[in-house]
Amino acid sequence: MFEDRPDLVDRIVTHLRRPVQIDPALDGRVMQEIAQVDTGRRSGAAVAAWRWLTRPRQFAVSPLGALATAAGLAAVVWALPGRGVRAVPPAENAPQEFQFVVVAPRAARVALVGDFNDWDATRTPMRPSQRGGPVWTAVLHLSPGRYRYAFLVDGSRWLADPAAPHARDDEFGAPSSVVTVGGS
Amino acid sequence: MTAPSGDTRPPVERVTRPPDAGRSDGTAPSVGIPKVGTSDGELVRRVLAGDTGAYAMLVARYRDRLGRYAVHMLGDRQDAEEALQDAFVRAHRSLARCDDPERFGAWLYGILVNRCRTTGGRAARRARLFVRDDAALSGAPLPGPAERAEWDDTVRWALGQLAPEYREAFLLKHVEDLEYEEMAQLTGAGISALKMRVKRAREQLQIIFREAERV
């Protein structure tokens, strides 16, 4: 016959309810995997859009419809103001907005340093997303180009960004990453 | 202001949209997670608006809490972290389908329970590759106290003896302190079946420990 021993079960439960600490590096791995998935999804959408735009199509137009379309286009071109002036292409060197994010749970201060601020730790301090929170962010407007950067934690600890390529031409002896803005 | 410099975690993410500065205090219950600062709902809305960094805050908030269930359920820290990471990534991918962002934790819990089932099944198959003589194993003596010097090892070993569905029900009820209605939502099992599983798990644990004490 089964003899119930609730004290034993209680002891097991008490033991199992103790907090379990998971390696905080898991956060970085999760966010890195998400970043890779997002990048793949975005590039997948771009490829699909390009294929849709470049796919050849056949249209059936009656002679009368073709004449009417041609006449309409001619009228539009003739009526355009400043006819003959070439359209100004969009600014190729327009800065793009980038947000940099780092998880540093017990850091007192974090700075973003890189080629874009002459590696000056005072110029781009990162802000915690909430007071005492682990996530630090900084937003920069970067012109097209290739930039090396790193995160400087508490003024002494250098961190590269695992979600970005690491710089090979590292001449400082500290880890750094590379971000490429625009098509250059 | 000083802080140890060796306790930082690696940088994680770069996105192209600044975070929303708005905050609100959470009030809705969410699987035992105390709400401090920005609510789950607010963070979920920020992630859906493109602020990927806000998701890192959700990951940090739920990592240890859900990790405890995964570690106990799978009995292996590496498997647990794998299931946990998988759950977080899948939750992010399906975040738009989270009907009640204030109960993100409960929703995430359901995903983790499923991932633990998958990972547990894979681990069991992996174990069978190494253990082929089931008959010999069934007659093998239980590990003695000398081999199980630590209570922690003993509990982990005993949990591992339970059938996965019993272990799952026991952990959700007694360790994670869920109501049977919540357990039914998470597991898809009926309430009466869950009650039976918890009862059997309690009985089997006691039998396992009693047998171990005799050795």
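With respect to (1) closer than 27 Å to B:Tyr55 by Cα; (2) small (Gly, Ala, Ser); (3) at pLDDT below 80; (4) surrounded by fewer than 20 Cβ atoms within 10 Å (Cβ to Cβ), the lone exception for A:Ser176 is condition (4).
Here is a check on your reading of the model: is A:Ala107 modelled with pLDDT of 75 or more, assigned to a loop (DSSP other than H, G, I, E, B), under 30 Å from B:Ala91 (Cα atoms) and within 13 Å of another protein chain (Cβ to nearest Cβ)?
yes
Considered as a group, the residues in the range A:125-155 that are more than 27 Å from B:Arg61 (Cα to Cα) and hydroxyl-bearing (Ser, Thr, Tyr) include one that is surrounded by the most Cβ atoms within 10 Å (Cβ to Cβ), and that residue is A:Tyr149.
The residue pairs whose first member lies in the range B:186-215 and is closer than 18 Å to B:His174 by Cα and away from chain A (no Cβ under 14 Å), whose second member is at pLDDT 90 or above and not in a helix (DSSP H, G or I), and whose beta carbons are closer than 9 Å, counting only pairs six or more residues apart or on different chains, are B:Leu186/B:Leu178; B:Arg197/B:Ala163; B:Arg197/B:Ala189. Among residues of the range A:93-105 that are surrounded by fewer than 17 Cβ atoms within 10 Å (Cβ to Cβ), those with a Cβ under 7 angstrom from a residue that is of a type in the set (Val, Ile, Thr) and assigned to a loop (DSSP other than H, G, I, E, B), sequence gap 6+ or separate chain, pair up as A:Glu97/B:Thr16.
Selection of first residues in the range A:1-25 that are facing another protein chain (nearest Cβ under 7 Å) and surrounded by 10 or more Cβ atoms within 10 Å (Cβ to Cβ) and of second residues that are of a type in the set (Val, Ile, Thr) and part of a helix (DSSP H, G or I), restricted to Cβ pairs under 7 Å at least 6 apart or on distinct chains, gives the following pairs, ordered by first then second residue: A:Ile12/B:Val155; A:Val13/B:Val175; A:His15/B:Val155; A:Leu16/B:Val155; A:Leu16/B:Val175; A:Arg17/B:Val175; A:Val20/B:Val71. Of all residues in the range A:132-144, at least one satisfies being at pLDDT 85 or above, within 20 Å of A:Gly28 (Cα to Cα) and not β-branched (Val, Ile, Thr).
The single residue among B:Asp100, B:Asp79 that is assigned by TED's automatic domain parsing to the domain that holds B:Gly50, surrounded by fewer than 17 Cβ atoms within 10 Å (Cβ to Cβ), modelled with pLDDT of 90 or more and over 19 Å from B:Ala56 (Cβ atoms) turns out to be B:Asp100.
Please determine, by comparing only the residues of the range B:160-177 that are hydrophobic (A, V, I, L, M, F, W, C) and surrounded by fewer than 22 Cβ atoms within 10 Å (Cβ to Cβ), which one is nearest to the other protein chains (Cβ to nearest Cβ).
Ranking the qualifying residues of the range B:160-177, first place goes to B:Val175.
The values are calculated or read from the model by the stated rules, or taken from the named source; none is laboratory data. What you see is a predicted model; the values in this text were computed from it and never measured. Positions of Cβ are generated from backbone atoms using ideal geometry, with glycine treated the same way; all protein chains shown enter the neighbour counts.
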